[in-house]
1. Name every residue in the stretch 198-232 that is in a helix (DSSP H, G or I) and under 11 Å from THR72 (Cα atoms), in order of residue number.
2. Filter the stretch 262-319 down to residues that are among the aromatic types (Phe, Trp, Tyr) and in contact with a Ser or Thr (Cβ under 8 Å, 6 or more places away or on another chain) and give me whichever is farthest from GLU247 (Cα to Cα).
3. Taking the stretch 125-150, which residues are in a strand (DSSP E or B) and farther than 18 Å from GLU308 by Cβ?
4. Out of the residues in the stretch 176-233 meeting the condition of being over 11 Å from the mean Cα position of the chain (by Cα) and among the polar types (S, T, N, Q), tell me which one is surrounded by the most Cβ atoms within 10 Å (Cβ to Cβ).
5. Inspect the stretch 345-357 for any residue being under 20 Å from the mean Cα position of the chain (by Cα), at pLDDT 95 or above and of a type in the set (D, E, K, R) and give the result as yes or no.
6. Return yes when GLY39 is farther than 20 Å from ASP197 by Cα, of a type in the set (Gly, Ala, Ser) and more than 22 Å from the chain's Cα centre (by Cα) and no when it is not.
7. Could you list, in sequence order, all residues of the stretch 250-297 that are among the charged types (D, E, K, R), at pLDDT 95 or above and either in a helix (DSSP H, G or I) or surrounded by 14 or more Cβ atoms within 10 Å (Cβ to Cβ) (or both)?
8. Can you tell me how many residues in the stretch 310-331 are surrounded by fewer than 21 Cβ atoms within 10 Å (Cβ to Cβ) and either among the small types (Gly, Ala, Ser) or within 22 Å of TYR360 (Cα to Cα) (or both)?
Amino acid sequence: MVTNIELFVKIFTNKAVLLRPISLIQISGNCFEAGRQLGAATVDTLRRPVTLPAGRTWDDMRHLAEPYLQATQAAVPWLHQEMEGIAAGSGLDVLELYAHATEEIWDLPFPSPPSEGEARGRCSVFAVGPPATVDGGIWLAHNNDLSPEVRDWVVAIERQVEDQPPLFTLGVGPFISIGFNAAGLALTGNELSPNDDKIGVPRLLLVRDILAQRTAQDALAAAARPERASSYNQLISHAGGTIVNFEGSATDYELIYAQDGWTVHTNHYCSPKMAAYERDPADIPGSCLRYERARELMAARPGPVTPEMLKTFLADHAHAPDSLCRHGNETETVFWAIIDLSHGAIEYGRGQPCTAAPQYFRFD
């Protein structure tokens, strides 16, 4: 007898999916000039139609975004210069750009259930290093889950910004979901739903500051900025050996280091201390299923971790539809990636890892 899960896996793993490759945008120069190039390259994404929160206009969103702009300009001036460059390159008013980037104002006062096509982001991550890896290196695996139409807006960006290490990122338009730089620093992670958001540097922009750093210590300091408006689970890794989850909110955080060379994370607070900041504990069962499945796969693995093994983990369909590799009408895996941090390389693809054709990038 074929189970529902076996049938689900058979359907999707045998289905050929032909998706266009993720475009690579290359930008360089000072913060403003690199931002200007990025804004020009992603103008279509920034100008795509979006559904505003009920009862709000873009003027309302600009007004709400203004204190976040001021907080960013004061705390991280170079990042504000980059945002001004993106605005100039795209032709958007800089306050409208901040409105796009400030997830915290889209959630006020509390997030409503996602409307059709506006599903909240969901991600599953693995991070593995010595003694768990076959080659002694550090490997990161990430599935990024969003509404299906967002899949077409995912881009890769290679940044050569003055006074910063070369950087490769994946995300929607000019904004970053994950990335790694030539100094050996990587950032993956997961969206969380903290209950203590405040005015400050938007969490979506905070990841850009983290990835501008060269050391794990400096990256953690950037994640812990007291000026932050909120936080994701920032999974910060460095080729020197650091693998740590910065499980944060606006006012608190906990560091969860890899144990026995590995860690996994999904979209809820795992730390007992941080569980108090969970906005809606009734909204996390699906995340808990993915988390436990990820831990099960790591704990029961047949030997040292290889990149091929990590890719099979990303393509896992157990507990569908709340599987690590997601297929669905409201939320699906829109891109995946496996980062070889020790060698400055990445394998990635648009769509689900069970079907998507891989692409590759390596720092020279």
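1. ARG203, LEU205, LEU206, ASP209
2. So, considering only residues that are among the aromatic types (Phe, Trp, Tyr) and in contact with a Ser or Thr (Cβ under 8 Å, 6 or more places away or on another chain), the one farthest from GLU247 (Cα to Cα) is TYR291.
3. From the stretch 125-150, those in a strand (DSSP E or B) are 125-128, 133, 139-146; that's our starting set.
ASN144, ASP145, LEU146, listed by residue number.
4. Once the filter is applied, the top-ranked residue is SER231.
5. Yes, there is a match, as at least one residue in the stretch 345-357 is under 20 Å from the mean Cα position of the chain (by Cα), at pLDDT 95 or above and of a type in the set (D, E, K, R).
6. Working: farther than 20 Å from ASP197 by Cα: yes; of a type in the set (Gly, Ala, Ser): yes; more than 22 Å from the chain's Cα centre (by Cα): no.
Spelling it out, it is not the case that GLY39 is farther than 20 Å from ASP197 by Cα, of a type in the set (Gly, Ala, Ser) and more than 22 Å from the chain's Cα centre (by Cα).
7. Selection gives ASP252, GLU254, GLU278, ARG279, ARG290, GLU292, ARG293, ARG295, GLU296.
8. 5
The values are calculated or read from the model by the stated rules, or taken from the named source; none is laboratory data. It should be emphasised that the depicted structure is a prediction, and the values quoted were computed from it without experimental measurement. Reconstructed Cβ throughout: ideal geometry from the backbone, glycine too, with neighbour counts over all protein chains shown.
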